[in-house]
Each structure stands twice: as structure tokens, then as C-alpha cells.
Amino acid sequence: LGKVRAKKHLGQHFLKDPSIAEQTADAFGVNNNFKFCLEIGPGMGILTEALVKRSDLDVHVIDIDRESIEFLSQNEVLEDEKIIEGDFLQLDLQELSNGQKMGIIGNFPYNISTQILFKLYEHRDHVLELVGMFQKEVAERVVSPPGSKVYGITSVLLQAFFDVEYLFTIDEDEFDPPPKVKSAVIRLKRNQTNELGCDVKLFKKIVKAAFNQRRKTLKNGIKAFTPEGTSFSNPELLSKRPEQLSVADFVQICSDIEAMS
Ligand code: SAH
């Protein structure tokens, strides 16, 4: 059987070394409280092969590429009813798993990595864990503590609800064709936070607004959300830049604003 021809517009970079796939699979669902597993972008199934060996997982895959789907089906990597052809970003996760909690894994298509992260955020009460291969830069941002240049929207939003870990780095030449940048595998596990202590929609708006003007002080960045006369419990936060604020600082500011409206 022929191999899948790598298509650039689909972000296809196939892993060459099965041991990296094994290592990625091994990092996933340790002491898991879910069985349903969705792999995004299986391609020729190098990671899928490692996942299906796990009897504690019920593995499903979704790929947008017809050729990859046919490859997986013809090679009987897993049962046809668990192979979905489609766009992960359009997929209804609740419907797919029939409401069961789930985990997500993949060597992700890098062109949609941020959108995958936002979808995880929106489905945080349904998706309990994600182990994924991202561009190193995106991976570093997700796990970054405050004070770093790369600390941003995805860092704050995801760290509010997930424990994040940088697992390992992968060189360009481990892929065919090699991408232009290094990659990294990270793990996000749902933490104990159910209630943030402020309105989550406002929280997201404030975090986005603040980082969209990251060179401004917080006071200026979130002006549009701050009613006249808002009294802040920690006013010195307002003269800082967004990258200096922790998740708890953002929550504090958010609840101060909420108290005014
Ligand atoms: N996991 C494989 C392939 C990684 S390349 C390996 O490690 O070798 C990324 C894969 O994501 C490709 O197979 C590509 O077709 C798929 N993909 C790209 N966009 C997608 C989308 N929107 N939804 C689902 N899969 C997508």
C-alpha cells in the first residue's frame, strides 16, 4: 500500500520514529478518569498504533484528509466506525462521545493549533486531558508562567482550568517532511477549579483585551470593560502590563469589575 502524500495546506508532517509516538501515548491518560479518547489528525496512524494497544482507552480518530482516512481503513489500524473523516474544529464532541468524559491527543496540524486550544478551553468540563504535539513556541506559551515574554491569552485561560506540563522537545528532522520549527509535547490535565470566582465570560474578555494591547498597562488595556468609579482591591495591578499578572490577579480584577455592574 502506498503512503499518504504529505499535503502542506493540511499541515501534514508525519512522525518517523515510532518510539516518539510511544512516548507520547505513554504520557496520556495516566490514572485516567476517562476511557473515550479522540486522536486529532492520525495521518498514517503512527500514534494511533501506540494508542490502540492500550486496553484502558476507547480510541477514535478524526482526520480531514481523505487519503489518510483510506490508509487507516485499508490497513485496519482500527475499526471503521471509529475513523471519522472531517474537520475537528466542526466536530460536536458531546455528541461524539455520547456525553462521556474524554481525552484528546495528537500530533496536531500546526495551522489550527491555537483553535484546538480554544476548543479545549470551551469544552473544559467534557475534555479532561489533552496531550499534544505543537510548535515549540505554542507549547511554551501554554505552559509559561507570568513574567515571560511568551505568556499570553492561552497561558492564562488554560492555566485557570488545567495543570500544564512541558514534556519533551522534538527536532525538525524527526518528521517527514521536516517542519521549519521544533516541536514539543505538552500535557494539560483538568484541575479542581469549577468556579473561578468571577464570571468566566467576562474573564475571557478581559484577558483577551489586556493581551491584545500587551504593551499598555492593564488600566488602559481594559478601559472598555471598566465602569466609572470601579474600586479595585489591588490597584497596583492596574499599572502593570498583562504579562506580569497571574491567573489569580486576572480573576481579582474581573470580580472587582463585576461587583460594579
Ligand atoms: N499524527 C500523524 C500526522 C500528523 S500531521 C503523525 O504524527 O505522523 C497532521 C494531521 O492532521 C494530518 O494527517 C492532517 O490531514 C490532519 N488535519 C489537518 N487539519 C485537520 C482538521 N481540521 N481536522 C482533523 N485533522 C486535520
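Just so you know, all these numbers are worked out from the coordinates, no wet-lab data involved. Since we're looking at a predicted model, the values are computed, not measured. Cβ placement follows ideal geometry from the backbone for every residue including glycine, while neighbour counts extend to all protein chains displayed.
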Exercise. How large is the dipole of the chain about the Cα centre if only Lys and Arg carry +1 and Asp and Glu carry -1, each at its Cβ, rounded to the nearest 20 debye?
Worked result: 1340 debye
For this session: Let me know the longest stretch in the chain that avoids all GluC sites (Glu not before Pro) found in a DSSP loop with at most 12 other C-beta atoms within 10 Å.
Result: 80-194
Exercise. On average over all directions, what projected area in square nanometres does segment 82-195 have, based on the convex hull of its Cα atoms?
Worked result: 8.0 nm²
Seminar exercise, completed: The convex hull of the Cα atoms of segment 209-261, divided by residue count, gives a volume in Å³ per residue of 68 Å³
Problem set entry | 10 Å beta-carbon shell around residue 102, net charge (K/R +1, D/E -1) | 0
For this session: For segment 1-159, just say rounded, prolate or oblate: build the C-alpha gyration tensor, square-root its eigenvalues into a ≥ b ≥ c, call rounded for a/c under 1.5, and beyond that prolate if a/b exceeds b/c, oblate if not.
Result: prolate
Problem set entry | In Hz, Karplus ³J(HN,Hα) per residue of segment 167-175 (6.51, -1.76, 1.60; θ = phi - 60°; x = Gly, Pro) | 9, 7, 9, 10, 6, 3, 6, 7, 10
Exercise. Tell me, what HN-Hα J-couplings in whole Hz come from the Karplus equation 6.51 cos²θ - 1.76 cosθ + 1.60 at θ = phi - 60° for each residue of segment 17-27, using x for Gly and Pro?
Worked result: 9, x, 5, 5, 5, 4, 4, 5, 4, 5, 7
Exercise. Under a straight-distance cross-link criterion of Cα-Cα below 29 Å, which lysines are reachable from residue 223, leaving out those fewer than 8 residues away in the same chain?
Worked result: 119, 149, 201, 204, 205, 208, 240
For this session: Mind checking which of 19, 50, 64 is farthest towards the positive end of segment 1-68's charge dipole, using Cβ charges of +1 (Lys, Arg) and -1 (Asp, Glu) about the Cα centre?
Result: 64
Problem set entry | Exposed-loop-free span, longest in the chain, where trypsin sites (Lys or Arg not before Pro) count as exposed if DSSP calls them loop and at most 11 other C-beta atoms lie within 10 Å | 54-148
Exercise. Under a straight-distance cross-link criterion of Cα-Cα below 12 Å, which aspartates and glutamates are reachable from residue 136, leaving out those fewer than 8 residues away in the same chain?
Worked result: 171, 172
Exercise. Using modelled amide H (1.01 Å from N, peptide plane; none on Pro or chain starts), what sits under 5 Å from the amide H of residue 168, excluding residues fewer than 5 places away?
Worked result: 185
Seminar exercise, completed: Diffusion coefficient in µm²/s returned for segment 1-95 by Stokes-Einstein, Kirkwood Rh over C-alpha pairs, 37 °C and 0.692 mPa s, is 237 µm²/s
